[in-house]
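Undergrad: My questions will all concern the structure given below.
The values are calculated or read from the model by the stated rules, or taken from the named source; none is laboratory data. Please read these numbers as outputs of a predicted model, since none were measured by experiment. All Cβ positions, glycine included, derive from the backbone under ideal geometry; neighbour counts span all protein chains shown. Calculation scope for accessible area: heavy atoms of the full protein, side chains included, ligands and nucleic acids excluded. Shrake-Rupley method; radii C 1.70, N 1.55, O 1.52, S 1.80 Å.
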There are 2 protein chains.
Amino acid sequence: MAEQSTRTVERALELLAVVAEEGEASLTECARRTELAPSTALRLLRTLESTGFALRGEDGAFRPGHRLIGIGAKALSHDSLVTFAQPSLAELARATGESSYLCVGTPDQGVLYIAQAEGSHTIRHVSWVGHRFPQDGSAVGRVLRGTLPPEGFTAATSTVEPEVMAIAAPVHAATGIVAVLSVVGPAYRLDQARVEELGSLLTAEAERVSTLLGGP
Amino acid sequence: MAEQSTRTVERALELLAVVAEEGEASLTECARRTELAPSTALRLLRTLESTGFALRGEDGAFRPGHRLIGIGAKALSHDSLVTFAQPSLAELARATGESSYLCVGTPDQGVLYIAQAEGSHTIRHVSWVGHRFPQDGSAVGRVLRGTLPPEGFTAATSTVEPEVMAIAAPVHAATGIVAVLSVVGPAYRLDQARVEELGSLLTAEAERVSTLLGGP
DNA sequence: CGGGTTGTTTTCATACAATGGAACCATGCT
DNA sequence: AGCATGGTTCCATTGTATGAAAACAACCCG
């Protein structure tokens, strides 16, 4: 059985992804990114608009529409993202003994901790879940800003609690960085060598989650 | 100008909405809800699947896929939901003098405060933004669980801080309740009469946001 | 067992609808 | 004015989305 799939829909979804990713995109940009003829892109985008999945501003730019946002909120407040990441969180906690976290960025440049797996050391980091911090010079903040060294992870002592150190790596979806995986523990236990070690475990798991989410 | 729109795409998006809303749906259920022939629905759903917007379990049920979740996370961590709600938050703060909040539910039954407008009273509630609490018997929790009296809002003294009272009303999108609007202030200022008053302001604004999001 | 019911899948002829080139506006820049 | 660049409309052509029908697969129950 040959891959039976409707081209029109594929293209429309591609456009939807572009709009969601950019947050705001002009017709020609959409057309360019999807390699569609402007006339075709326009017709499809108009369909997205009339169904409420996109909306068009006075300025002619396309943005995510109500339907999409509703669906997004639902998807996120459901299992979804956390479900995809939970196995990796657990594995990290198991393999390292330290607590691991999943974070997302927030509109106002904050960092939000949305899920966790507790480490096994008797001295371990607990309970950042549900809290939000400014990005500052934190490891997670650096990842969200996309400023990463070639190793694919970064480490820093906490800007919140001085004796705490965090190592962080990005989770990519098709639309770019959507979350951050992080291992957190007491600074005294995390010397240079140990950080390298945890870093590679972390990037491996982050890549696993990214793959689940359709990233690279 | 005649409704120039591509039917195929409309149908596919309709299916996407159904899958996102249900979280899990069989082929025939999708077909029934969209009034499509099973064969057509199947072909379209397969397209959603092959593009990563839906995924199909061993059991044959369709669920939200990686792409959709990635987009959802992005939409939420962008402006979007907050942008839609901000005017209402500001209006509530202005009209009541109390601080107003926008919250969403989280996978583990928590309540997450994602945006705020500060009240004008010198004694006012500040800084729940970015925090997460259990649903417990809180007003917001009750709204998320969908247990609402006919008035369309509910009030309760905080389970976190005893002297604090919260009034909450649901924000509906096409997919159901996606967020909660809440006004929070010191209990001593919020007697029965005042609660009624704020409640109707709140439901009015909640409905306004709901309309923006394609709700009823 | 066998015959009903319900859900899923494939096939295929046909009508219809998606396509994109070309031409047409509307800008803005030199 | 002259030239870009972005947006829009039109329309003949072709390709493709469509859905009835039929085959297939699980069931449940007398």
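Undergrad: HN-Hα J couplings of the range B:51-68 from phi, Karplus 6.51/-1.76/1.60, θ = phi - 60°, integer Hz, Gly and Pro as x?
TA: The phi angles translate into 9, x, 8, 9, 9, 10, x, 3, 7, x, 7, 8, 10, x, x, 4, 4, 4 Hz.
Undergrad: In addition: Once each part is reduced to its C-alpha centroid, what is the distance from the range A:160-213 to the range B:144-165 in angstrom?
TA: Taking the Cα centre of the range B:144-165 as reference, the centre of the range A:160-213 is 38 Å away.
Undergrad: Turning to a different aspect of this structure: Amide H to amide H, which residues 5 or more places from B:L36 or on other chains are under 5 Å from it, using H placed in the peptide plane?
TA: none
Undergrad: Which value, in debye to the nearest 20, describes the size of the charge dipole of the range B:7-72 about its Cα centre when Lys and Arg Cβ atoms bear +1, Asp and Glu Cβ atoms bear -1, and nothing else is charged?
TA: It works out to roughly 260 debye.
Undergrad: Separate question: Using a probe of 1.4 angstrom, how much of the accessible area of the range A:7-72 is carbon and sulfur, in percent?
TA: Numbers: 1140 of 2700 Å².
Within the range A:7-72, the accessible surface is 42 percent carbon and sulfur.
Undergrad: Separate question: Amide H to amide H, which residues 5 or more places from B:G97 or on other chains are under 5 Å from it, using H placed in the peptide plane?
TA: Hits under the 5 Å cutoff: B:S120.
Undergrad: Fully extended, how many nm does the chain gain between B:E161 and B:A193 (0.36 nm per residue separation, minus their Cα-Cα distance)?
TA: Working: separation 32, 0.36 × 32 = 11.52 nm, distance 2.19 nm.
Difference between extended and current length: 9.3 nm.
Undergrad: For B:S200 and B:E118 in the same chain, what is the full-extension length gain: residue separation times 0.36 nm, less their Cα-Cα distance, in nm?
TA: Here the answer is 27.6 nm.
Undergrad: Give me the residues in the range A:92-106 whose solvent-accessible area, probe 1.4 Å, is reduced by at least 20 Å² once all protein chains are included instead of the chain isolated.
TA: Buried-area filter returns A:G105.
Undergrad: Karplus couplings for the range A:81-86 from phi (6.51 cos²θ - 1.76 cosθ + 1.60, θ = phi - 60°), rounded to Hz, Gly and Pro as x?
TA: My calculation for the range A:81-86 gives 4, 4, 4, 5, 8, 3 Hz in order.
Undergrad: Tell me the total accessible area that B and A bury against each other, 1.4 angstrom probe, in square angstrom rounded to 100.
TA: Using a 1.4 Å probe on protein heavy atoms, the buried area is about 5000 Å².
Undergrad: What are the residues whose amide H is under 5 Å from the amide H of A:T51, where those residues sit 5 or more places off or on another chain and H is modelled from the backbone?
TA: Result for A:T51 returns nothing.
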